[in-house]
Each structure stands twice: as C-alpha cells, then as structure tokens.
1. Between beta-carbons, use under 13 Å as the cut-off and find the net charge around L167, counting Lys and Arg +1, Asp and Glu -1.
2. By average Cβ neighbour count within 10 Å, what is the ranking of 81-90, 130-139 from highest down?
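Every number in this text was worked out from the coordinates using simple rules, so none of it is lab data. Just so it is clear, the model here is predicted, and its values are computed rather than measured. Cβ sites come from the backbone with ideal geometry, for glycine too, and all protein chains shown count toward neighbours.
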Amino acid sequence: MFEFIVVLLIAAAGWFYWSKKNNDIEGSSSIPEAKQPPETPQPEPSIEEPEVTAAEPEPVKTEQVVTELDEAVNEIPEDSALRRHFLQNQAAQDQKDIDSSASADAKDSVVEPVKPVMTTTEIPVEKEVKRDVIQQLVAETEATMPPRPTDSTLKRHYDTQLMSIVLSKLQESK
C-alpha cells in the first residue's frame, strides 16, 4: 500500500512539472513582441494618507483577561499525574487561605517554639533491642513527615527520604 502511494506521488509531481513546463513554453512564444499592443500608462490613483497623531493607547481590559485565565485554570487536566498535582495544588491553596484567615482571627495566640524530638540515641548491642530502637526512630521520623502518599512513585520517594533521615540519625548517634 505504501509503495502505491509513493508511485502516485511521483506521478503527480511529474504531471505538475510537465504541465508547468508546457505553460511556460506556450506563454513565451505565442505572441511576438512586435504585435503586442503598446501599454498605455494609467494614472496612479491618489491616496491620501491619514494624519497620524500621537494618541494615548487604550487601557487594557483586565477583567476579560482575568476571566479567561480563570476559565483556563479551572479546567481539571485529564492526565493522572497532572490531575493529582493540580488537585494537590488547589488543596494547598485552600489550606493556605484557611490558615491565613484563622491566623488573622487568632492574633492573640502565642506560638511555642518546636523542640527537637531526639538529640542522641543509644543503640544497644542486642538484636531485638536494636530493632526496637530503629523502629522507634522510624515512627518518630514518620510523625514529623507529611502523610504517606498513595501513588507508587511517590511512595518510593517517601520511603527513600524516610530511610535516609533515619540513617542520618543513626550515624549521628554513633
């Protein structure tokens, strides 16, 4: 099928080439130069150019631009990854709006500084006790991190980050 289309394209290109070549030959030799009627000069139409004055530019209508952007932003993407990021971004913005309104209402509240959970950890020699200490470190670290994601790729990154933090705490305690 592909070969048939290629042959048709080559035939069409050849036909256009030969028809253009025949038109060029017929057009140049059909009327000799001596028999062509003399050209009469035609008067050029006078076109008056309008006066250009320095006018102030019209202000941009921001309402129309803003509504067009709002309409474009409010569309939820169909791709799963884009949709997830879009919804997370909207949830974060909503949370930010809620937090800012709550903080404006509660200006008198006092915020206490966060104290570090663990400074150093003694790692025992026994296997079971050592495992319990490591599990305790993992639990404490998970408590300070955001909730575990459901997406497989994000889970893998979350686990990697969690383990790197736990390992760094273990290295600091030695």
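1. My count for the surroundings of L167 gives 0.
2. 130-139, 81-90
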